[in-house]
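Visitor: Structure provided below as C-alpha cells; questions to follow.
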Amino acid sequence: MLIYSFRFLRVKITEDGKQALLKLSKGDMRRALNVLQACHAAYDEVDETAVYNCTGNPHPKDVESVVQSMLRDEFGTSYECELDVEANVIENSTTVLTAAFFTRYHEAQGR
C-alpha cells in the first residue's frame, strides 16, 4: 500500500528514506502517509535525512555520536557534544538523550 502511495503521489524516495519512514511510523499507515506528504512538500527527494528532519526525530548518526562521546569522553566533553547536536540538528536535547539511552539499553539487552 505504501509503495502505491509513493507512485500515486509521484514521490522520489530513496531506499534509506523508505527504511526511515517505516521505522519511524512503527507500522501506522496514517502516520507514514502524513510523514510522506510532509517530506514530499518540503523536499524534492525524500531520503533518510529528510524523514528525520520532517518528524523532528534525531538522526541515528547524531544519536550514535552522542552515545560514543558518553562512553569515551569526560562528562563536560560529552555534554558539549550533545549541545552541538542540539544546536545543529534538533531543538529538543531530551529527544537525543532519550534516543541515546534506548540505544544503549537495547545494545545491553542484545537487541
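Visitor: Just wondering, is there one or more residues in the stretch 53-72 that are assigned to a helix (DSSP H, G or I), at pLDDT below 90, over 28 Å from Ala108 (Cβ atoms) and touching a Cys at 6+ places or on another chain (Cβ under 9 Å)?
Guide: Yes, the stretch 53-72 contains at least one residue that is assigned to a helix (DSSP H, G or I), at pLDDT below 90, over 28 Å from Ala108 (Cβ atoms) and touching a Cys at 6+ places or on another chain (Cβ under 9 Å).
Visitor: Take Ala41 and tell me if it is free of Cβ contacts under 8 Å to residues at least 12 places away in the same chain, surrounded by fewer than 14 Cβ atoms within 10 Å (Cβ to Cβ), out of contact with any Gly (no Cβ under 8 Å at 6 or more places or on another chain) and within 18 Å of Ile13 (Cα to Cα). Spell out the reasoning first.
Guide: On the way: free of Cβ contacts under 8 Å to residues at least 12 places away in the same chain: yes; surrounded by fewer than 14 Cβ atoms within 10 Å (Cβ to Cβ): yes; out of contact with any Gly (no Cβ under 8 Å at 6 or more places or on another chain): yes; within 18 Å of Ile13 (Cα to Cα): yes.
Yes; evaluated as a whole, the condition is true for this residue.
Visitor: In addition: Given the condition at pLDDT 70 or above and polar (S, T, N, Q), answer yes or no: does some residue in the stretch 82-90 qualify? Walk me through how you get there before you give the answer.
Guide: Just the residues of the stretch 82-90 that are at pLDDT 70 or above, to begin with: 82-87.
If we keep only those that are polar (S, T, N, Q) as well, we get none.
There is no residue in the stretch 82-90 that is at pLDDT 70 or above and polar (S, T, N, Q).
The values are calculated or read from the model by the stated rules, or taken from the named source; none is laboratory data. Note that the coordinates shown come from a computational prediction; the quantities given were computed from them, not determined experimentally. All Cβ positions, glycine included, derive from the backbone under ideal geometry; neighbour counts span all protein chains shown.
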